[in-house]
1. Using a 1.4 angstrom probe on the protein heavy atoms only, line up Ser243, Ser265 by accessible area, largest first.
2. With every protein chain kept in the model, how would you rank Ser190, Ser153 by accessible area, 1.4 Å probe, largest at the top?
3. Using 0.36 nm times the number of residues separating Ser152 and Arg222, minus their current alpha carbon distance, what extension gain do you get?
4. So between Ser99 and Leu18, what do we pick up on full extension, going 0.36 nm a residue minus the alpha carbon distance?
5. Taking every DSSP beta bridge with both residues inside the stretch 3-327, roughly what % is antiparallel (nearest 5)?
6. Provide the net charge surrounding Asn14, with neighbours chosen by a C-beta distance below 12 Å and charges set as Lys +1, Arg +1, Asp -1, Glu -1.
7. In the neighborhood of Trp234, defined by Cβ-to-Cβ distances under 11 Å, what is the net charge if each Lys or Arg adds +1 and each Asp or Glu adds -1?
8. Let me check something: with ligands and nucleic acids excluded, how do His95, His200, His270 order by accessible area (1.4 Å probe), largest to smallest?
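The values are calculated or read from the model by the stated rules, or taken from the named source; none is laboratory data. Predicted, not measured: the structure shown is a model, and the values here were computed from it. Ideal geometry is used to build each Cβ from the backbone, glycine not excepted, and the neighbour counts take in all protein chains shown. These area figures cover heavy atoms from the full protein model, side chains too; ligands, DNA and RNA do not enter into them. Shrake-Rupley method; radii C 1.70, N 1.55, O 1.52, S 1.80 Å.
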Amino acid sequence: MGIVSTIRLRLERNRWQLRALRKRRELAPVACRTGRIRRDDILLFSTLRNERVRLPYFLDYYRALGVDHFLIVDNGSEDGSRDYLAGQADVSLWHSAASYRRARFGVDWLNGLQMRHGHGHWCLVVDPDEFFVYPFCDTRPLRALTDWLDASSIKSFSAMLLDMYPKGPVGAEPYREGQDPFEIACWFDSGNYTMTRNPHFGNLWIQGGPRARMFFADEPGRAPALNKVPLVKWRRDYAYVSSTHMLLPRGLNLVYDEWGGEKASGCLLHAKFLDSFAAKAEEEIRRGEHYANSHEYRAYQAALGDRPDFWGRWSERYINWRQLEILGLMSKGNWA
């Protein structure tokens, strides 16, 4: 990369950092317990709205994985999410009634919180419907992964977003609070993915899967991106650029092996397609706070009237992380 490109990226990073500092003023503390964070704690950052029914399993899943403290922004929930989170001893909670879209879909808020509280910590950034799996996650805690990354001088870890879905119409089986969502949405596409390299940020851009074939068959280029870098040994001069799809400095996006090998990577099991999906799509269209005037949710709503069944020739029932490695959707690399 030439010196001009390097300077441009540095200026861009400075712009996102200044924006995050400004947007952090939109956050009002509800339950700030950051004084309990210890030097080596693993932190999880998330922003949400009206996710009360998902929260018990979400928190328990990541506690069991090894997350020590949760830092969460509630964007105007009306379903009791805020009160529930405020009562959790390992959660620090902020509230904002400001525009999710004008905060770059929550990125500015979380960048601001990570600048202040994440420096020197391994930080995981996920949505309440995303569940991180990584090599040996069934036998090794998240701390084992971050210790290996530290010992290997690796500062960021990638995870492909893997859309999970039920067999049969979405919404046919109700989801109960505290339930493992993958008891219902236990299928995923084993193939049907495309991958390109972003020359500006250096990251891979992955698309495909059930959302591409079900909702964007005529416009595959507009299908959601599935590439993510959710786990980073954070420094206050870092910044996410677009969700967790890419960040700056640019080197943090180089989470794949350019020389024929395989770097370790994980997956984010995406439990979006439960019985609440139709109502969520309607709400987000009404709010108009998502990317491109909620284009993605409009595509969802247009197809939901037909009670779509995602199951097809690419469908495979989820077993464990080893299955995903065999399929080439994640890799243990040289971590043994």
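1. Ser243, Ser265
2. These residues rank, largest area first, as Ser153, Ser190.
3. Full extension of this stretch gives 21.6 nm more.
4. Full extension from Ser99 to Leu18 adds 27.4 nm.
5. The antiparallel fraction comes to roughly 55 percent.
6. +3
7. With Lys, Arg at +1 and Asp, Glu at -1, the net is +4.
8. Of His95, His200, His270, the descending order of accessible area is His200, His95, His270.
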